[in-house]
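K.L.:
The structure that follows is given in the form of structure tokens.
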Amino acid sequence: MRSSVDRTAAGKVMSMREAVASFVHDGDTVSLEGFTHLIPTAAGHEIIRQGRRDLTVVRMTADIVVDQMLAAGCVTRLVSSFVGNSSAGSLGELRRRIEHADPEPLAYEEYSHYGMVCRYLAGAQRLPFYPLRSYAGSDLPSVNPGIRKVTSPYPAADGTAEQIHVVPPVNPDVTFIHAQRADHRGNTQIWGLTGIQAEAVYAAEKAVVVVEELVADEVVRADPNRTLVPAHAVDAVVVCPRGAHPSFAQGYYDRDNAFYRAWSAISKDPVRLREWLEEWVYGTADHAAYVAKLGEGFWAGLAVGEALSGQVDYGRRL
Amino acid sequence: MRSSVDRTAAGKVMSMREAVASFVHDGDTVSLEGFTHLIPTAAGHEIIRQGRRDLTVVRMTADIVVDQMLAAGCVTRLVSSFVGNSSAGSLGELRRRIEHADPEPLAYEEYSHYGMVCRYLAGAQRLPFYPLRSYAGSDLPSVNPGIRKVTSPYPAADGTAEQIHVVPPVNPDVTFIHAQRADHRGNTQIWGLTGIQAEAVYAAEKAVVVVEELVADEVVRADPNRTLVPAHAVDAVVVCPRGAHPSFAQGYYDRDNAFYRAWSAISKDPVRLREWLEEWVYGTADHAAYVAKLGEGFWAGLAVGEALSGQVDYGRRL
Amino acid sequence: MSEERTRVAGAVTSSELLSVVAARELVGRRTVFAGIGLPTLAAELAHLTVAPEIEVVYESGVCGAHPSHLPETIADAVLITGAEAVLTMAALFGSVLQGGHIDVGFLGAAQIDRWGNLNTSVIGEWERPSVRLPGSGGAVEVMANAREVFVVMRRHTPRSFAEELDFCTTPGPDRALADGIRPLGTGVTRVITELGILARDGVGDELRLVAVHPGVTVEQVRAATGWELKVADTVTTVEPPTGAELRLLRDDVDPDRVYLR
Amino acid sequence: MSEERTRVAGAVTSSELLSVVAARELVGRRTVFAGIGLPTLAAELAHLTVAPEIEVVYESGVCGAHPSHLPETIADAVLITGAEAVLTMAALFGSVLQGGHIDVGFLGAAQIDRWGNLNTSVIGEWERPSVRLPGSGGAVEVMANAREVFVVMRRHTPRSFAEELDFCTTPGPDRALADGIRPLGTGVTRVITELGILARDGVGDELRLVAVHPGVTVEQVRAATGWELKVADTVTTVEPPTGAELRLLRDDVDPDRVYLR
């Protein structure tokens, strides 16, 4: 049974430096989730700055931030269902690690997207396994002993015994997600793509929510259906505007597609990749410095116009 | 594999009479969902008016509308996890049917709430079973052969084989839910308690959404995260204001607690119950007549004040 | 006897007494899964007294409710407006409850046995019962997944505190173990009744009498219990509700007397 | 040869040709699971021509998108603003895809074999590959659960149309059956390439050549295929994109040439 932690008390709001120092330890299993939208890049960068080692990283779409953490030597094991730079190309460091063990090997657990979704579901729901109609006939189970089979206790329509594949739970030591806003207790609201973030938080021993904005309690409570993660599941709230760059935050800033395209060339050259890390991660004290270094002119290029949701009426007793 | 139906085309908006005539047949399995909030009462009443027989009703909290359908002779089998009049008392007809087979027996499949949730999840996800950490040591499996066990293919922490209970999928012929609003294609938005409605819709062969309001496409599209059920899962949209009475619709009207309290006495007396059905169901042509018969003064008593959600910004590309 | 006790405790009603005693037991707990009625009163009072950080999670999916009026059901509209979060039932039961986030779950029952197993299904045979009760609701899940369970039973009689349950809807961890499945929670740790408090530490333990209300004797409780009740070495007398507790309960928690009757 | 064909079809690019052909194949289909790129173009063009009721569902969770600009990823912000619904990944993969609501799924691959099995994981051995590819993403689930799958392969070579896959990431129904599990969908029914169209009806069927683009011979396709390719009794010649199709594609679907290069 997981430990009982004080997740309802105040005092959850902290800096990214404090959050990483408190909740990420060498050897930990760290989940960073966000499917194209709201990728917790700033969290990955702070893990690099603090020099964590021997991490197992769990992330459905291992993309730029994972390639950067690999290059910084933080990661020895990766659990993922997609390893690529979106549709923009390859991850140079990841390919060197897997194809040539250069500069060191990378243990890789390969799943499909729904396999990862189901691992998070099992982790969040404290289930020993989660069944899914994938993998029948695939070579993946032959290279991933985590993927197994169960026989259903209910006969199939034709009366025969029915088999189905299952995946095991994943329970990260800590999960980081990025969100548009939260209150100081950790009630977290996300709109646009919500991905697997809620399950990744519930599956974890500790959860850190990185937000564009800390908002007053009243803002959250005006629209409780917008809360994707309730306070009781959150251990820390980090305010970090533009912390999802180069991915996007719906309604806040757009995706930096130019950087995605540039990354394939940067990461293809290990020297250039390490120079990039020197300049943009080790060379910036924190994400605010990274944001400032990019400059207001740059951010103006990612600005978005307004498209309001309209309001619904929750009603009040008269 | 379920049949391919035209769920994206226009022409889904119809009257309750048409929806029940089209989608509910004698002998069908009918799910009516809504957990205290947004109970599809008007749908149940129209099923009574059209005299359907031999139905299997699936409903987590079998309450007043189920007692009424039982009294009208529509139901021979009930699948549920709670059979009571909320906290206000008993269901007279249900108790007569189960305790005394009066006027006829009722087949009853008893689950717990999460057992029912998991049956809908399995049904929606086309799984042969869904695992849950309930029922270990309960007498329920001894009276419900649907509840079975599976051995996990992953050893427990102590190395032993781990067993877990499972429930089978439920796939109703038709599911009815009530909602605040939908567009003409069936994109359905609900706020407040959302219960098990989305899964109950996805589990069903056909789905009918009953709404307080039909709204313009733009209203739905301004806030896509508010859509609980997308158009592709919906076969019919029925506009039926106040169709959830005596339950409530968040932001539209409050719960009629007095009627809940009154029902225990009404239903305790089979003659009085049948008189109630005569007057309020058979004696009203449709739900609009039922609403009118209650009168505007009555509805003023259930009126609620305004509590707006605030707006979020989805952003638009400049 | 119930009337006698009420006199002893002053003008304190049974509802008030049970609410106050249950509230005190919540000291140090954080997330409480509560149905409507006495558990709601207890949690609200605990919030104002011994457990300021308590969060009530409702079976309907509401977390962090800030109701304008005392709710009449676990799904009352006033629980939603102004709440911190509303979850689907799949998330509430799957991630929150089965996920292990609930410290204390409150349950009631028609029958309880010495191990804290509960019956809410039938009196008599399941197939043709003399009384059909509501059934589990979420009780099976609360018992299986909450760290511990508090049971509030207004009536303490040999029929309700039964040597043998007519039907076990909601098993405690001892029955789970016998079924070959390792339980996740402790099961029932407190039973609060009109006569006193029974307690139980965990797997293998029977409920035992640890406290009586003023004016109630150990013998009275034994006589009202359908099995041979174990009694703690020291049985304390429950401190009657204080003036401060009663004022909070009556003036702040339930001023409209929705439950305090 | 590719350039020759382009000349034959006029100033039609490979992207345009594949998009138009794929769009035509969507006649009568309703729900399409599409990645970004050619499948998006095909679905949008089909919407304007042969399948007005088509709905594109994106792996990211978007249903009924009405984008202001052509999306650059399957999760582009312009897909969300103005969409009809946004679902969690658990709902999208669980209820929509595995639930059986997708008529046609589009997939690509580094390698395909005669049964429509796909490799997107590695070239070489999995443990130490010569090329590490992105992996499944949701491809395993699309193949397992969509009614049928269309594969678009720009390059038609013996290496990509392989006698034997280096690794089977995404199995078709024949491999599922051999694994003892009854498949839910038909697997790959169409493969659209720069040379023509291969088709397959269902379990037990091999892909066979049913159409070639103008100027392409059956022998050219055989030579470009790594296995002994079956050929339909009648191989038709693909009708070149019409002026109307090209105008819609260029002026309405992708006026900024995001994909039409």
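K.L.:
May I ask you to verify whether B:Trp276 is out of contact with any Gly (no Cβ under 9 Å at 6 or more places or on another chain), among the aromatic types (Phe, Trp, Tyr) and more than 13 Å from chain D (Cβ to nearest Cβ)? Give the steps one after another, and end with the answer.
P.N.:
Numbers: out of contact with any Gly (no Cβ under 9 Å at 6 or more places or on another chain): yes; among the aromatic types (Phe, Trp, Tyr): yes; more than 13 Å from chain D (Cβ to nearest Cβ): yes.
Yes.
K.L.:
Among (1) of a type outside the set (S, T, N, Q); (2) at pLDDT 95 or above; (3) more than 19 Å from the chain's Cα centre (by Cα), which single condition is B:Leu94 missing?
P.N.:
(3) is the only condition that B:Leu94 fails.
K.L.:
So, in the range D:89-129, of the ones that are among the aromatic types (Phe, Trp, Tyr) and within 11 Å of chain A (Cβ to nearest Cβ), which residue ends up surrounded by the fewest Cβ atoms within 10 Å (Cβ to Cβ)?
P.N.:
Applying the filter and picking the extreme gives D:Trp126.
K.L.:
Something else now. Any chance you could count how many residues in the range A:197-214 are buried (at least 24 other Cβ atoms within 10 Å of the Cβ) and either of a type in the set (A, V, I, L, M) or within 11 Å of chain C (Cβ to nearest Cβ) (or both)?
P.N.:
12
K.L.:
Moving to a separate point now. Taking B:Asp67, is it within 30 Å of C:Thr120 (Cα to Cα), surrounded by fewer than 23 Cβ atoms within 10 Å (Cβ to Cβ), modelled with pLDDT of 95 or more and not small (Gly, Ala, Ser)? Reasoning before the result, please.
P.N.:
Values: within 30 Å of C:Thr120 (Cα to Cα): yes; surrounded by fewer than 23 Cβ atoms within 10 Å (Cβ to Cβ): no; modelled with pLDDT of 95 or more: yes; not small (Gly, Ala, Ser): yes.
When the stated conditions are applied, B:Asp67 does not pass them.
K.L.:
Under 7 Å between Cβ atoms, at least 6 apart or on separate chains: pull out the pairs that start in the range B:293-318 with a residue that is more than 19 Å from B:Asn225 (Cα to Cα) and without any contact (Cβ under 8 Å) to a residue 40 or more places away in the chain and end on any residue that is assigned to a helix (DSSP H, G or I) and acidic (Asp, Glu).
P.N.:
none
K.L.:
Among the residues of the range A:255-265, is any within 14 Å of chain C (Cβ to nearest Cβ), surrounded by 21 or more Cβ atoms within 10 Å (Cβ to Cβ), assigned to a helix (DSSP H, G or I) and at negative phi? Walk me through how you get there before you give the answer.
P.N.:
Here is the first cut: in the range A:255-265, the ones within 14 Å of chain C (Cβ to nearest Cβ) are none.
No, the range A:255-265 contains no residue that is within 14 Å of chain C (Cβ to nearest Cβ), surrounded by 21 or more Cβ atoms within 10 Å (Cβ to Cβ), assigned to a helix (DSSP H, G or I) and at negative phi.
K.L.:
Oh, and also: Exactly one condition in (1) part of a helix (DSSP H, G or I); (2) closer than 30 Å to A:Asp158 by Cα is not met by D:Gly180; state its number.
P.N.:
Going through the list (1) part of a helix (DSSP H, G or I); (2) closer than 30 Å to A:Asp158 by Cα, D:Gly180 breaks only (1).
K.L.:
May I pose another question? Considering the range C:74-95 alone, what residues qualify as being modelled with pLDDT under 95 and part of a loop (DSSP other than H, G, I, E, B)?
P.N.:
Once the filter is applied, which keeps residues that are modelled with pLDDT under 95 and part of a loop (DSSP other than H, G, I, E, B), the range C:74-95 yields C:Ile74, C:Ala75, C:Asp76.
K.L.:
Moving to a separate point now. For A:Arg96, are the conditions met, namely being in contact with an Asp or Glu (Cβ under 7 Å, 6 or more places away or on another chain), surrounded by fewer than 24 Cβ atoms within 10 Å (Cβ to Cβ), in contact (Cβ under 8 Å) with a residue 24 or more places away in the chain and basic (Lys, Arg)?
P.N.:
Values: in contact with an Asp or Glu (Cβ under 7 Å, 6 or more places away or on another chain): yes; surrounded by fewer than 24 Cβ atoms within 10 Å (Cβ to Cβ): yes; in contact (Cβ under 8 Å) with a residue 24 or more places away in the chain: yes; basic (Lys, Arg): yes.
Judged against the criteria, A:Arg96 is a match.
K.L.:
Follow-up. Give the range B:144-196 a look and list any residue that's touching a residue at least 60 places away in the same chain (Cβ under 8 Å) and away from chain A (no Cβ under 13 Å), or say none.
P.N.:
Within the range B:144-196, B:Pro172, B:Asp173, B:Val174, B:Thr175, B:Phe176, B:Ile177, B:His178, B:His184, B:Arg185, B:Gly186, B:Ile196 qualify.
K.L.:
Do we have D:Ala46 as at pLDDT 90 or above, buried (at least 22 other Cβ atoms within 10 Å of the Cβ) and more than 7 Å from every other protein chain (Cβ to nearest Cβ) here? Give the derivation first.
P.N.:
Details: at pLDDT 90 or above: yes; buried (at least 22 other Cβ atoms within 10 Å of the Cβ): yes; more than 7 Å from every other protein chain (Cβ to nearest Cβ): yes.
For D:Ala46, the condition - at pLDDT 90 or above, buried (at least 22 other Cβ atoms within 10 Å of the Cβ) and more than 7 Å from every other protein chain (Cβ to nearest Cβ) - is met.
K.L.:
Taking the range D:211-227, which residues are part of a loop (DSSP other than H, G, I, E, B), more than 21 Å from D:Leu118 (Cβ to Cβ) and either small (Gly, Ala, Ser) or without any contact (Cβ under 8 Å) to a residue 24 or more places away in the chain (or both)?
P.N.:
Filtering the range D:211-227 for residues part of a loop (DSSP other than H, G, I, E, B) gives D:213-217, D:225-227.
Cutting the leftovers down to more than 21 Å from D:Leu118 (Cβ to Cβ) gives us D:213-217.
Passing the criteria: D:Gly215, D:Thr217.
K.L.:
Residue check: is A:Asp217 free of Cβ contacts under 8 Å to residues at least 40 places away in the same chain and surrounded by 15 or more Cβ atoms within 10 Å (Cβ to Cβ)? Step through it out loud before you land on a result.
P.N.:
On the way: free of Cβ contacts under 8 Å to residues at least 40 places away in the same chain: yes; surrounded by 15 or more Cβ atoms within 10 Å (Cβ to Cβ): yes.
Yes.
K.L.:
Here's a follow-up. In the range C:130-149, which residues are surrounded by 24 or more Cβ atoms within 10 Å (Cβ to Cβ) and either aromatic (Phe, Trp, Tyr) or within 17 Å of C:Glu206 (Cβ to Cβ) (or both)?
P.N.:
C:Met143, C:Val149 - these are the residues of the range C:130-149 that are surrounded by 24 or more Cβ atoms within 10 Å (Cβ to Cβ) and either aromatic (Phe, Trp, Tyr) or within 17 Å of C:Glu206 (Cβ to Cβ) (or both).
K.L.:
Looking at the range A:84-111 only, could you name the residues that are within 17 Å of A:Leu32 (Cα to Cα) and of a type in the set (Gly, Ala, Ser)?
P.N.:
A:Gly84, A:Ser86
K.L.:
List the number of the failed condition for C:Gly35; all other conditions in (1) touching a residue at least 24 places away in the same chain (Cβ under 8 Å); (2) surrounded by fewer than 21 Cβ atoms within 10 Å (Cβ to Cβ); (3) part of a loop (DSSP other than H, G, I, E, B) hold.
P.N.:
Of the numbered conditions (1) touching a residue at least 24 places away in the same chain (Cβ under 8 Å); (2) surrounded by fewer than 21 Cβ atoms within 10 Å (Cβ to Cβ); (3) part of a loop (DSSP other than H, G, I, E, B), the odd one out for C:Gly35 is (2).
K.L.:
Could I ask something else about it? What tally of residues in the range B:28-48 results from selecting those that are in contact with a Ser or Thr (Cβ under 8 Å, 6 or more places away or on another chain), surrounded by fewer than 24 Cβ atoms within 10 Å (Cβ to Cβ) and more than 14 Å from chain C (Cβ to nearest Cβ)?
P.N.:
2
K.L.:
Ok, one more. Before we move on, is B:Ile196 touching an Asp or Glu at 6+ places or on another chain (Cβ under 7 Å) and of a type outside the set (Asp, Glu)? Let's see the steps before the verdict.
P.N.:
Working: touching an Asp or Glu at 6+ places or on another chain (Cβ under 7 Å): yes; of a type outside the set (Asp, Glu): yes.
For B:Ile196, the condition - touching an Asp or Glu at 6+ places or on another chain (Cβ under 7 Å) and of a type outside the set (Asp, Glu) - is met.
K.L.:
Restricting to the range B:40-59, what's the tally of residues that are under 19 Å from B:Leu91 (Cα atoms) and in contact with an Asp or Glu (Cβ under 7 Å, 6 or more places away or on another chain)?
P.N.:
The total comes to 2.
K.L.:
Here's a follow-up. Filter the range A:118-143 down to the residues that are touching a helix residue (DSSP H, G or I) at 6+ places or on another chain (Cβ under 6 Å), at the interface with chain D (Cβ under 10 Å from one of its Cβ atoms) and part of a helix (DSSP H, G or I) and list them by number.
P.N.:
If the condition is that a residue be touching a helix residue (DSSP H, G or I) at 6+ places or on another chain (Cβ under 6 Å), at the interface with chain D (Cβ under 10 Å from one of its Cβ atoms) and part of a helix (DSSP H, G or I), then A:Tyr120, A:Leu121, A:Ala124 are the ones that fit.
K.L.:
Output the residue which, of all residues in the range B:281-314 that are of a type in the set (Phe, Trp, Tyr), surrounded by fewer than 17 Cβ atoms within 10 Å (Cβ to Cβ) and in contact with a helix residue (DSSP H, G or I) (Cβ under 8 Å, 6 or more places away or on another chain), is nearest to C:His69 (Cα to Cα).
P.N.:
Filtering the range B:281-314 for residues of a type in the set (Phe, Trp, Tyr) gives B:282, B:290, B:298-299, B:314.
Filter once more, so that each one left must be surrounded by fewer than 17 Cβ atoms within 10 Å (Cβ to Cβ): B:282, B:298-299.
Those left that are additionally in contact with a helix residue (DSSP H, G or I) (Cβ under 8 Å, 6 or more places away or on another chain): B:282, B:299.
Numbers: B:Tyr282: 37, B:Trp299: 20 Å.
Across the range B:281-314, the extreme among qualifying residues is B:Trp299.
K.L.:
Got a number for residues in the range C:53-77 being facing chain B (nearest Cβ under 9 Å) and touching a His at 6+ places or on another chain (Cβ under 9 Å)?
P.N.:
The number of residues fulfilling the criteria is 5.
K.L.:
What strands (runs of 3 or more DSSP E) lie completely within the range B:156-240 and have 3 or more residues being under 23 Å from B:Ser15 (Cβ atoms)? Step through it out loud before you land on a result.
P.N.:
Values: elements: B:163-167, B:174-182, B:206-214, B:227-229, B:236-239.
In the range B:156-240, the matching strands (runs of 3 or more DSSP E) lie at B:174-182, B:206-214, B:236-239.
K.L.:
Now, a different point. Scan the range C:170-213 residue by residue and report those that are within 14 Å of chain B (Cβ to nearest Cβ) and within 16 Å of the chain's Cα centre (by Cα).
P.N.:
C:Thr170, C:Pro171, C:Gly172, C:Gly185, C:Gly187, C:Val188
K.L.:
Still on this structure: Residues B:Pro246, B:Pro230, B:Pro241: which one is of a type outside the set (D, E, K, R), in the same structural domain as B:Phe23 (by TED's automatic domain parsing) and either crowded, with 24+ Cβ neighbours inside 10 Å or over 18 Å from the mean Cα position of the chain (by Cα) (or both)? Walk me through it before giving the result.
P.N.:
Details: B:Pro246 fails: either crowded, with 24+ Cβ neighbours inside 10 Å or over 18 Å from the mean Cα position of the chain (by Cα) (or both); B:Pro241 fails: either crowded, with 24+ Cβ neighbours inside 10 Å or over 18 Å from the mean Cα position of the chain (by Cα) (or both).
Matching residue, one of B:Pro246, B:Pro230, B:Pro241: B:Pro230.
K.L.:
If you don't mind, there's one more thing I want to ask. Keeping to the range D:130-169, report how many residues are at the interface with chain A (Cβ under 7 Å from one of its Cβ atoms) and touching a helix residue (DSSP H, G or I) at 6+ places or on another chain (Cβ under 6 Å).
P.N.:
Residues in the range D:130-169 being at the interface with chain A (Cβ under 7 Å from one of its Cβ atoms) and touching a helix residue (DSSP H, G or I) at 6+ places or on another chain (Cβ under 6 Å): 5 in total.
The values are calculated or read from the model by the stated rules, or taken from the named source; none is laboratory data. On a predicted model such as this, the values are computed, not experimentally measured, just so you know. Note that we place each Cβ from the backbone using ideal geometry, even for glycine, and neighbour counts take in every protein chain shown.
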